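Working notes for the structure below.
The values are calculated or read from the model by the stated rules, or taken from the named source; none is laboratory data. No experiment lies behind these values; they were computed from the predicted model shown. Here Cβ is always computed from backbone atoms with ideal geometry, including for glycine, and neighbour counts include all displayed protein chains. SASA here: full protein model, heavy atoms, side chains in, ligands and nucleic acids out. Shrake-Rupley method; radii C 1.70, N 1.55, O 1.52, S 1.80 Å.
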Amino acid sequence: MPDTAGVTTSLDAHTPSALRHALTRLAAQPRARALGCAFLAVVLGIAFGGWWLGIGLQGLNAGAASLLAALRERPLWLFAAIVVLPALPVPASPLLILAGAVFTPRLGLAGAVPLALLAVGLNIAWTYWAAAGPGRRQVDRLLHYLQLQLPVLSHGNALRLAILLRVTPGIPFFLQNLVLGFLRVPFRIYLPVSLATSTLFTTGFVVFGESLSTGNGRLAVLAVGLIVATAVAISLVRGRLSRRAETVVDQR
């Protein structure tokens, strides 16, 4: 067993501060910082490589136009990308914005939004099962490398933990899926909570993508308003959870 002296590994799902504390302690680990620095170096290396090869804004715009045209001819490529790529450190929002520009010419918003939601739902489902099954061994090896132990999660705290992770800012979506799957939060809890916290965001980004492709300013305002309203609602839920946690602590 790794030496975990001085490292807090328990997770109290009643309090958001516990999760922040655990993440802070993780960031304090030298090996974790080394992994973060390596990732940053890769990103900077890609950016420098693009500059060195002379890839400018015009080239990027031309490439984006070609990509959009190709995806409109083969929309299933984008559907597959939404199902697969957000399981990696790839943000889902650009893909969903693309979905608005790619799916709506064929299906309209009434068809594009459900299709994007289906792709997101499939991503949420398969990443959970991958983490709960074969991925668990890999995550366990990573935790061993970082000299951490898996938090103990009781069945009664599963719902609180699922909501807590989904409404806590700064935690990548793919990492939320992996953590909840690795901890084996019951799927009947995991899926509804995940869909509830992602449906409005998904809808907003798809509508925003449609507004960009058509130049519809009113639709863009509607989309941005929906995204902002969803963010505010999640912030209110997070605040309520925090106050409830403080009340529980005071009662103890």
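Assorted remarks:
- Ordering of 227-236, 79-88 by packing [mean C-beta count within 10 Å, highest first]: 79-88, 227-236
- In terms of its C-alpha gyration tensor, region 82-147 comes out prolate, because a/c is 1.5 or above and the ratio a/b outweighs b/c.
- Sorted on the mean count of surrounding Cβ atoms within 10 Å across their residues, most packed first, peptides 211-217, 177-183 read 177-183, 211-217.
- Per-residue packing, averaged as other Cβ atoms within 10 Å, sorts the ranges 185-191, 158-164, 108-114 into the order 158-164, 185-191, 108-114, beginning with the highest.
- Under Karplus coefficients 6.51, -1.76 and 1.60, residue-wise ³J(HN,Hα) of region 207-213 in Hz, glycine/proline x: 4, 5, x, 5, 5, 5, 6
- Residue order for R166, R238, R141 - accessible surface, 1.4 angstrom probe, largest first: R141, R238, R166
- Sorting L195, L148 by solvent-accessible area of protein heavy atoms yields L195, L148, largest first, with a 1.4 Å probe.
- Calculated FRET value between V228 and R74, using beta carbons and R₀ = 35 Å, to 0.05: 0.60
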